[in-house]
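The values are calculated or read from the model by the stated rules, or taken from the named source; none is laboratory data. Just so you know, these numbers come straight off a predicted model, no measurement behind them. Note that each Cβ is placed from the backbone with ideal geometry, even for glycine, and that neighbours are counted across all protein chains shown. Note: accessible area is taken over every heavy atom of the protein model, side chains too, but ligands, DNA and RNA are not part of it. Shrake-Rupley method; radii C 1.70, N 1.55, O 1.52, S 1.80 Å.
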Amino acid sequence: MRYLVTASEMRRFDENTIEKIGIPACVLMERAALAAAELTEARCDGRGGYVLVMCGMGNNGGDGLAVARLLAERDFRVEVWCVGNREKASPQWKQQRSILEKYPVEFTDKPRRGDYGALIDALFGVGLSREIKHEYAEAVMLFNSLEGWKLALDVPSGIHSDTGRVMGCAVRADETVTFGFCKRGLVFYPGCEYAGEVSTADIGISERSFYGRKPEMYAYDEEAAQLLPKRQRGGNKGTFGKVLLIAGSLNMAGAAILAARAAYRTGAGMVKVITCAGNRTILQQAVPEALLGTPNELDRSVEWADVIAVGPGLGKSAEALSCLEGVIYGSRLPLLADADALNLLAEHPELRAALAEQGAAGRKVILTPHVGELARLTGQSVSACAEELLSCGIALASELHAVVTAKDARTLICGEGHDVCVNLSGSNGMATAGSGDVLAGITAALLGQGMDAFEAAAVGAYIHGRAGEKAVGKRGEYGCMAGDLTAQMRY
Ligand SMILES: NC(=O)C1=CN([C@@H]2O[C@H](COP(=O)(O)OP(=O)(O)OC[C@H]3O[C@@H](n4cnc5c(N)ncnc54)[C@H](O)[C@@H]3O)[C@@H](O)[C@H]2O)[C@@H](O)CC1
Ligand SMILES: [K+]
């Protein structure tokens with residue numbers, strides 16, 4: 001697991017490290033610069049090459065000045081390009097600048113060469129507070145136009161460190177070395193594309209600096225198998241969860257098949273699919289391990305189950321609505337609502353209110369909307385939801401007292417009073433029909449094995465992405481289909 005921090009969280013951890021723990025600011029800056037200098041040295045063929053360091057007037061620029069000194073000491077030929085009004089420079093910047101005057105570097109007001117081995121971006125870090133304009137914008141454009149390996153210090157200049165948005169224009173780096181903790185903007189689009197490969201350098205700001213207030217966002221980065229619920233040695237199929245899946249209207253049997261297979265491949269003991277009578281034969285052939293039932297057997301099946309997943313390929317017919325009503329009014333089992341169940345919830349405020357009441361009373365509820373479904377549920381436009389996925393996900397989770405898996409290129413798992421989990425696994429090859437049905441099956445199986453709703457949603461999204469990466473590794477981004485995901489699930 002790794003933390004993803006905002007600029008203000010990072011400032012708090014900086015301050016706590018300096019003021020409460022007592023590590024001087026110049027020590028942190030030196031360590032940051034050392035990490036960047038070592039990376040530069042490792043990436044450049046031998047010493048003696050030309051390096052350009054573009055510095056702003058804040059502490060990010062101060063880092064750049066310190067890197068320039070360390071590289072000069074290692075026999076690089078360093079050009080230092082300072083942009084901005086020096087009178088407004090930070091005290092640390094001034095200190096670094098006065099030290100650097102004693103070193104053999106060239107100060108320039110414009111890059112002079114076309115053959116830099118490395119170009120270092122130290123214009124803005126987490127202190128970027130507005131759109132980049134005028135001489136700064138010109139500097140960013142010129143920097144981007146130069147040939148050579150580009151390293152951004154902390155954040156590529158111009159990328160908003162909390163959201164990943166481009167603030168007017170931004171440096172396009174090959175690599176970013178970020179200091180202390182990874183900034184949120186380095187994992188969200190488009191920031192992650194501007195950052196290139198991201199590494200996090202330990203500069204002495206550790207979890208010790210949290211003082212009871214840890215970051216509010218995190219991502220998994222471990223092996224998927226480590227996150228799965230422990231499998232009891234003496235368990236039987238009843239121990240590992242009975243998943244009731246209500247899915248697949250006529251001509252949509254595929255959604256039920258994918259979700260059922262995914263649930264079995266995530267360790268579910270038993271899966272029963274309630275689907276329309278016309279899907280029976282195909283389901284029996286495709287997933288012979290699954291039990292089958294029709295909507296008129298819903299009540300009995302609900303009594304049998306440990307967890308219910310409703311929605312994949314369900315449609316919005318009267319029969320679909322009656323199934324959804326049945327699992328909301330007629331049960332308090334953990335419930336996952338996906339796809340058409342979400343569309344029905346968007347159209348039926350009374351069902352939504354009932355679900356909210358149950359969520360407040362402690363029922364485990366997970367909703368897995370993509371941006372379009374989220375827009376229908378929140379009454380916002382699709383573009384507003386895509387732009388503000390985080391706040392929309394949090395608002396829906398609070399309204400329904402539920403866990404919301406807000407699906408996009410970076411899926412967010414939001415729960416009331418819970419830190420946000422960002423899913424970083426996966427690939428664009430997974431943006432294909434049926435991928436969501438697989439996620440629903442995985443998540444339901446985890447719920448059925450007794451996981452807490454938030455954990456099931458977060459681990460489910462992560463496992464789903466890992467399976468997608470493996471599938472894309474085999475079939476390529478274009479060739480990957482949702483069925484390849486279930487085929488690649490192996491734990
Ligand atoms: N002790 C610390 O505080 C540490 C800070 N470090 C570095 O310091 C950075 C943060 O330093 P600062 O807080 O000084 O912030 P920055 O250096 O990111 O930039 C702040 C300066 O840029 C100006 N500015 C912001 N947006 C602008 C825009 N669009 N156009 C023109 N000027 C703009 C601000 O007025 C301010 O002068 C981190 O990203 C990191 O690189 C590291 O050295 C580690 C330790
Ligand atoms: K930077």
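Checking Arg280, Arg332 one by one, the residue that is part of a helix (DSSP H, G or I) and either modelled with pLDDT of 95 or more or in contact with a strand residue (DSSP E or B) (Cβ under 7 Å, 6 or more places away or on another chain) (or both) is Arg280 and no other.
Each row is one residue, and each column tells you yes or no for (1) touching a Leu at 6+ places or on another chain (Cβ under 7 Å); (2) assigned by TED's automatic domain parsing to the domain that holds Arg86; (3) of a type in the set (S, T, N, Q); (4) at pLDDT below 95.
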site: Lys110; (1), (2), (3), (4): no, yes, no, yes
site: Ala122; (1), (2), (3), (4): yes, yes, no, no
site: Glu131; (1), (2), (3), (4): no, yes, no, no
site: Thr176; (1), (2), (3), (4): yes, yes, yes, no
site: Cys192; (1), (2), (3), (4): yes, yes, no, no
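Listed conditions (1) farther than 14 Å from Leu227 by Cα; (2) in contact with a Lys or Arg (Cβ under 7 Å, 6 or more places away or on another chain); (3) open to solvent by less than 10 Å² (accessible area, probe 1.4 Å) are all met by Gln488, apart from (3).
Of all the numbered requirements in (1) part of a loop (DSSP other than H, G, I, E, B); (2) near ligand 1 (Cβ under 10 Å from one of its atoms); (3) without any contact (Cβ under 8 Å) to a residue 60 or more places away in the chain, Asp75 misses one, and that requirement is (2). The number of residues in the range 388-424 that are within 16 Å of the chain's Cα centre (by Cα), surrounded by fewer than 19 Cβ atoms within 10 Å (Cβ to Cβ) and of a type in the set (Gly, Ala, Ser) comes to 2. Does the range 412-442 hold any residues that are in a helix (DSSP H, G or I) and of a type in the set (D, E, K, R), and which are they? Across the range 412-442, the qualifying residue is only Asp437.
Going residue by residue through the range 32-49, is there one that turns out to be part of a helix (DSSP H, G or I), within 13 Å of ligand 1 (Cβ to nearest atom) and open to solvent by 50 Å² or more (accessible area, probe 1.4 Å)? Looking for residues that are part of a helix (DSSP H, G or I), within 13 Å of ligand 1 (Cβ to nearest atom) and open to solvent by 50 Å² or more (accessible area, probe 1.4 Å), one finds at least one in the range 32-49, hence yes. Can Arg69 be described as surrounded by fewer than 17 Cβ atoms within 10 Å (Cβ to Cβ) and either touching a residue at least 40 places away in the same chain (Cβ under 8 Å) or over 32 Å from the mean Cα position of the chain (by Cα) (or both)? Taking the combined requirement at face value, the residue does not satisfy it.
Looking at Leu119, Leu123, which one is open to solvent by less than 40 Å² (accessible area, probe 1.4 Å) and more than 12 Å from ligand 1 (Cβ to nearest atom)? Of Leu119, Leu123, the one residue that is open to solvent by less than 40 Å² (accessible area, probe 1.4 Å) and more than 12 Å from ligand 1 (Cβ to nearest atom) is Leu119.
Among the residues making up the range 431-476, a single one is more than 20 Å from Ala219 (Cβ to Cβ), within 20 Å of the chain's Cα centre (by Cα) and open to solvent by 30 Å² or more (accessible area, probe 1.4 Å): Thr432.
Taking the range 1-17 as the range and being of a type outside the set (S, T, N, Q), within 13 Å of ligand 1 (Cβ to nearest atom) and surrounded by fewer than 19 Cβ atoms within 10 Å (Cβ to Cβ) as the test, the residues that pass are Arg11, Arg12, Glu15. Scanning the range 127-173 for residues that are open to solvent by less than 30 Å² (accessible area, probe 1.4 Å), among the β-branched types (Val, Ile, Thr) and either assigned to a loop (DSSP other than H, G, I, E, B) or more than 9 Å from ligand 2 (Cβ to nearest atom) (or both) yields Ile132, Val140, Val155, Val171. If you check Ala375, Ala445 for being farther than 24 Å from Ala225 by Cα and not in a strand (DSSP E or B), only one passes: Ala375. Within the range 18-27, none of the residues are open to solvent by less than 10 Å² (accessible area, probe 1.4 Å) and either within 26 Å of Ala219 (Cβ to Cβ) or not small (Gly, Ala, Ser) (or both).
Is the range 96-106 home to any residue that is of a type outside the set (Gly, Ala, Ser), in a strand (DSSP E or B) and away from ligand 2 (no atom under 16 Å from the Cβ)? Step through it out loud before you land on a result.
Here is the first cut: in the range 96-106, the residues of a type outside the set (Gly, Ala, Ser) are 96-97, 99-106.
With the extra rule that they be in a strand (DSSP E or B), the set shrinks to 106.
Adding the requirement that they be away from ligand 2 (no atom under 16 Å from the Cβ) leaves 106.
Checking the range 96-106: at least one residue is of a type outside the set (Gly, Ala, Ser), in a strand (DSSP E or B) and away from ligand 2 (no atom under 16 Å from the Cβ).
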